[in-house]
Amino acid sequence: MTNHEKRRKLLLACGNALRSDDGVGAEIAAEIAQDTACADMKIVVVQQFTPELAEMIANSDLVAFVDAAANIPAGEISMRSAHPETEEPGSFTHHLSPAALLALSETLYGKLPARAITLTVGALSFELGESLTKPVRAAVPVVVGKLRRFFSD
Amino acid sequence: MSQTIAIDPVTRLEGHGKITIHLDHQGEVEDARFHVTQVRGFERFAQGRPFYEMPSLMARVCGICPVSHLIASAKACEAVMSVRIPHTAAQLRRMLNLAQMVQSHALSFFYLASPDLLLGMESDPKTRHIFGVVAEKPELGRAGVALRRFGQHIIELLGNKRVHPGWVIPGGVTEPLTVAKRDEILKMIPAAHAGMKLALSAYKQIADQFAEEIEVFANFPSYYMSLVNEDESIEFTDGALRLIDAAGDTVDEGLTATHFTEKIGEAVEPYSFTKFTYYKPLGYPEGSYRVGSLARLNIAKTMGTPKADKELVEFKKLAKGPVQSSFHYHHARLVEMVYCIEKIEQILSDPLILDKHVRAAAGVNRFEGAGQAEAPRGTLMHHYKVDENGLITWANLVIATGQNNRAMNQGVLQVAKHYIKGGKFTEGILNRVEAVVRTFDPCLSCSTHALGQMPLSIELRSAENALLAEVHR
């Protein structure tokens, strides 16, 4: 087994599958889960990024945070490196941004993944519904491809 | 000129709320109120649904304590079905509820309350949050995160989902426990005990620094209600309800969900969407009572597990008779967490815990049913009426936060009167006004069956109702 294969890979998908495009993270996670090439990957689907994920992140080498975004055009994909950044959690302290989660992992466990990214897809609708809108649905295979490349690099 | 202080939104709670503090012409606190500002309406839209859908529908009331709603709802459905669930199913449900208690109490203590307790009520609000605690006390931060994960992971193992598991159904649970899952839970127990030892030790070291807060944080005589077993040990899932007075004497006992209509009333105040629950024979507001960890520990004579029993003895030394200050809710939660971990271990050693018979089946045998369970915040009651086809015609949910509503309002007033003098206040004082609400760990999403997160605000208003100051988090 090579070092490359030993890398601990974590896909964290966030969203509510009952809120139309907010479920895009869960949809992407489901696609990845069916991919035999990704069998060594840990896939976690959550409705919020919570502090309890910090230990799992600290114990991973490659981490991808996948979520829907309201601040970019529908179907547009944004892929960025994620870095630890302590933030003021504000009024509700049990959901955090990927940057804050990375900061928590570093503070609590003294470890960070070698690489972490955020992959977001611009959403068209967050209304009640269990299906994705057309532009968001079209973005799913593109994001899946990007994730495959990220985890195999 | 009289004034009003508004804290809007109140922070580090579950849901949306606001506090207003009214000053008189001398700048002294005249009145203070805790407002719950959202409404959702679960009781209404349940109408017309088949009764067997209710547990999974009602679990959606809350993302923090869905398990309590599942259990209370399933028990109400079982009253409609007139069935008694298999022993193993009852034990598995009990374990699920204990796991939820751990994760919810960990959230309350470590994430929401510990910034005040470990960093101080007057500490810089910019760092008075979970990150501040983690930076100051990383070992406690790790323990808190691990304990929440302990509870969540058990829920996930049993229910196959961390939030809103659909495993609890009318008649029992959908599938039995496997050996692998049992062993995985058992493996986590020692670390959970170690985390609790650390948390209790840290809390006991700092509790004395809060003598003034203990004195005025909703510290007054009241009634208390919780489930308790026949042997007077603490109970979260079965047992019967008992109401005690401020002296610790039993006022009523053996209360079950079937007594709701005659014994439990719900008053409405114009400033809040949360109802004010009271014990009907005493009337409103005299019959108002407190629920939750403080009530449970005041009522139980024993925890029934060795480590928790030692802690209960120490807890009861805080007062002669029932412990009255709501500040001690924090301590009570820690004692309950110790109990939950021990009890989970005990349940897993039950020789029938892997039994495959975990579900009883029946149709509609009664047109009305009610069920109760202890949620982390206190007693939760679900009460339904159905037609001959099993469709819900009426539903009522009596929620812990509603039962603590009067005490929370009294607590806010007590703290405001103590700290605000001559119309002068600091951020730290307003934080204390919020902190007294946090001791109850209210869940406003549950209490109004409301949607969303919970920022809370404080308003300071004059005698002429002019807004003098406002704090938004």
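Within region B:59-72, is even one residue more than 22 Å from the chain's Cα centre (by Cα), under 19 Å from B:Phe440 (Cα atoms) and more than 14 Å from chain A (Cβ to nearest Cβ)? So that I can check it myself, show each step before the final result.
Our first condition is that a residue be more than 22 Å from the chain's Cα centre (by Cα); within region B:59-72, this holds for none.
No, because not a single residue in region B:59-72 is more than 22 Å from the chain's Cα centre (by Cα), under 19 Å from B:Phe440 (Cα atoms) and more than 14 Å from chain A (Cβ to nearest Cβ).
Among the residues of region B:248-256, is there at least one that is touching a residue at least 40 places away in the same chain (Cβ under 8 Å), outside any helix (DSSP H, G or I), open to solvent by 10 Å² or more (accessible area, probe 1.4 Å) and not polar (S, T, N, Q)?
Checked against the condition, which is being touching a residue at least 40 places away in the same chain (Cβ under 8 Å), outside any helix (DSSP H, G or I), open to solvent by 10 Å² or more (accessible area, probe 1.4 Å) and not polar (S, T, N, Q), region B:248-256 yields at least one hit.
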### Subset of region B:14-33 (residues that are open to solvent by less than 40 Å² (accessible area, probe 1.4 Å) and at pLDDT 80 or above)
B:Ile19, B:Thr20, B:Ile21, B:Leu23, B:Asp24, B:Gly27, B:Val29, B:Ala32
### Task
Scan region B:142-159 for residues that are more than 10 Å from chain A (Cβ to nearest Cβ) and touching a residue at least 60 places away in the same chain (Cβ under 8 Å) and jot them down.
B:Ile154, B:Ile155, B:Leu158, B:Gly159
### Task
Only residues in region B:451-470 that are under 20 Å from B:Glu28 (Cβ atoms) and within 14 Å of chain A (Cβ to nearest Cβ) count as the first member; pair them with residues that are open to solvent by less than 50 Å² (accessible area, probe 1.4 Å) and modelled with pLDDT of 75 or more, Cβ under 8 angstrom, at least 6 apart or cross-chain, and list the lot.
B:Ile458/B:Lys18; B:Ile458/B:Ile19; B:Ile458/B:Thr20; B:Ile458/B:Ile21; B:Ile458/B:Leu430; B:Ile458/B:Val433; B:Ile458/B:Glu434
#### Entry: Qualifying position, being of a type in the set (Gly, Ala, Ser) and either part of a strand (DSSP E or B) or open to solvent by 20 Å² or more (accessible area, probe 1.4 Å) (or both), among B:Ala211, B:Ala295
B:Ala211
### Task
Just give me the residues in region A:103-130 being open to solvent by less than 80 Å² (accessible area, probe 1.4 Å) and not aliphatic (A, V, I, L, M), in sequence order.
A:Ser105, A:Thr107, A:Tyr109, A:Gly110, A:Pro113, A:Thr118, A:Thr120, A:Gly122, A:Ser125, A:Phe126, A:Gly129
### Query
Within the set of pairs 6+ apart or on separate chains, which have a first residue in region B:386-401 that is without any contact (Cβ under 8 Å) to a residue 24 or more places away in the chain, a second that is assigned to a strand (DSSP E or B), and C-beta atoms under 9 Å apart?
B:Asp387/B:Thr393
### Query
Which ones in region B:90-128 are crowded, with 23+ Cβ neighbours inside 10 Å, within 11 Å of another protein chain (Cβ to nearest Cβ) and over 15 Å from B:Met337 (Cβ atoms)?
B:Pro115, B:Arg128
### Task
Determine whether B:Glu139 is without any contact (Cβ under 8 Å) to a residue 24 or more places away in the chain and either closer than 21 Å to B:Ala90 by Cβ or assigned to a helix (DSSP H, G or I) (or both).
no
### Query
Within region A:43-72, restricting attention to residues that are away from chain B (no Cβ under 11 Å) and more than 23 Å from A:Thr107 (Cβ to Cβ), which residue is surrounded by the fewest Cβ atoms within 10 Å (Cβ to Cβ)?
A:Asn71
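Evaluate the following for B:Pro138: is it within 14 Å of chain A (Cβ to nearest Cβ), surrounded by fewer than 21 Cβ atoms within 10 Å (Cβ to Cβ) and in contact with a Leu (Cβ under 8 Å, 6 or more places away or on another chain)?
Details: within 14 Å of chain A (Cβ to nearest Cβ): yes; surrounded by fewer than 21 Cβ atoms within 10 Å (Cβ to Cβ): yes; in contact with a Leu (Cβ under 8 Å, 6 or more places away or on another chain): yes.
Answer is yes for this residue.
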### Query
With B:Gln103, B:Gln91 as the choices, which residue is under 26 Å from B:Asp183 (Cα atoms) and either at pLDDT 95 or above or not in a helix (DSSP H, G or I) (or both)?
B:Gln91
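Of a type in the set (A, V, I, L, M) and farther than 18 Å from B:Val335 by Cα: which single residue out of B:Ala106, B:Ala113, B:Ala99, B:Ala89 fits that description? First the steps, then the outcome.
Working: B:Ala106 fails: farther than 18 Å from B:Val335 by Cα; B:Ala113 fails: farther than 18 Å from B:Val335 by Cα; B:Ala99 fails: farther than 18 Å from B:Val335 by Cα.
When all the criteria are applied, what remains is B:Ala89.
The values are calculated or read from the model by the stated rules, or taken from the named source; none is laboratory data. Remember, it's a predicted structure, so these values are computed and weren't measured experimentally. Methodologically, a virtual Cβ is constructed for each residue, glycine included, from the backbone with ideal geometry; neighbour enumeration extends over all protein chains shown. Calculation scope for accessible area: heavy atoms of the full protein, side chains included, ligands and nucleic acids excluded. Shrake-Rupley method; radii C 1.70, N 1.55, O 1.52, S 1.80 Å.
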